[in-house]
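Structure, as structure tokens:
The values are calculated or read from the model by the stated rules, or taken from the named source; none is laboratory data. Everything quoted here is computed from the prediction, not taken from an experiment. FYI the Cβ positions are ideal-geometry reconstructions off the backbone, even for glycines, and counts take in every protein chain you see. The protein model used for the area step is the full one, side chains on, heavy atoms only, and it has no ligands, DNA or RNA in it. Shrake-Rupley method; radii C 1.70, N 1.55, O 1.52, S 1.80 Å.
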Amino acid sequence: ENAADAQKMIDEMHAWNMKTIYAHPEWSGTTYRDYGALKGNFAQEVWNTGCVMDNNLDVNAPYWDVAIDDGQRVFGVATDDGHSMDQHCKGWVMVSADNDAASIIDALEKGEFYASCGPEIYDFYVEDGVVHIECSEAASIHFVSLRHPLPCWRDPEGHMTKVHCEVPENLKYMRVCVTDKEGRFAWTNPIFFR
């Protein structure tokens, strides 16, 4: 398939009121250059359990920051794509929503969720030029924005639950990756500053 054909399929799905994500880019052998022109995907996989377990691919947000830096307001999802039972229930999203379909879809569209394969994120917000995160016990909490080195806090004991980061001038966005002492990840969606 070429990008024009893929865009036609994406547009057709959107006409049916479906939501689309870009799935397992590394496993598919694509780079952001290959799919960056596609419009309308609300998210891309930042974790795919089947690809991780079978091939150690699509492990930790490949290409996500390149898409965001390119101006796409795309969110991150963790999924199983489990082709065998041992690959099930290892990647998911947690939405901030009521327990009904309309509320869940609304939260997904607004990015009011986080992706995880283990850790929990309790709060993620910006206040007075400082980004704050609260989470389950973590061994590292890494603030991320392409082209801007940001802090990565570490606790070898894996008991860290709260850190913050001042927002550098001219930053486009910031997201956070939490890693627990078992090496499992959770990812916030970005906070966009411009």
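The residues packed around K181, meaning those with a beta-carbon under 12 Å from its beta-carbon, carry a net charge of -3 if Lys and Arg are +1 and Asp and Glu are -1.
Between H88 and E109, what is the label-to-label distance in nm when each label sits 7 Å out along the Cα-to-Cβ direction? Going by the 7 Å Cα→Cβ label model, 3.1 nm. Only one residue of N99, N48, A115 has its Cα farthest out toward the positive end of the dipole of region 45-129, where Lys and Arg carry +1 and Asp and Glu -1 on Cβ, and that residue is N48.
Helix 101-110 versus the longest principal axis of the chain: what angle, 0 to 90°, nearest 10, using Cα atoms? Orientation of helix 101-110: about 70 degrees from the principal axis. In this label model, D69 and E182 are separated by 3.3 nm, measuring between points 7 Å along each Cα→Cβ vector. Surface composition of the chain: carbon and sulfur make up 51 percent of the accessible area, probe 1.4 Å. Residues in region 86-99 carry Karplus couplings, in order, of 6, 9, 8, 6, 10, x, 7, 10, 10, 9, 9, 7, 5, 8 Hz; the curve used is 6.51 cos²θ - 1.76 cosθ + 1.60 with θ = phi - 60°, and Gly or Pro positions show x.
Among beta bridges identified by DSSP and lying wholly in the chain, the antiparallel ones come to about 80 percent.
Peptides 100-106, 75-81: what's the order by average Cβ count within 10 Å, highest mean first?
Ranked by mean Cβ neighbours within 10 Å, highest first: 75-81, 100-106.
Each peptide in 154-163, 107-116, 64-73 was scored by the mean count of other Cβ atoms within 10 Å over its residues; highest first, the order is 107-116, 64-73, 154-163.
What the chain shows is 55 Å² of accessible area per residue, with the surface traced by a 1.4 Å probe over protein heavy atoms.
Normalised by the residues of the chain, what does the relative contact order come to in percent, with Cα pairs under 8 Å and at least six apart? After rounding, I find 15 percent. Between the entries (i) 60, 46, 36; (ii) 47, 42, 35; (iii) 78, 53, 26, the label attached to Cα extents along the principal axes in Å calculated for this structure is (ii). Strictly over 24 Å apart at the Cα level, which of K19/K110; K39/K172; K90/K172 would you flag in this model? Where the Cα-Cα span goes over 24 Å, the pairs concerned are K90/K172. Computed from point charges on the beta carbon alone (+1 for Lys and Arg, -1 for Asp and Glu), the dipole magnitude for the chain about its Cα centre is near 460 Debye.
For region 1-38 and region 140-158, what is the separation of their C-alpha centers, rounded to whole Å? Computed from Cα coordinates, the inter-centre distance equals 31 Å.
Each peptide among 37-45, 172-180 gets the average number of other Cβ atoms lying within 10 Å of its residues, and from highest to lowest they stand as 172-180, 37-45.
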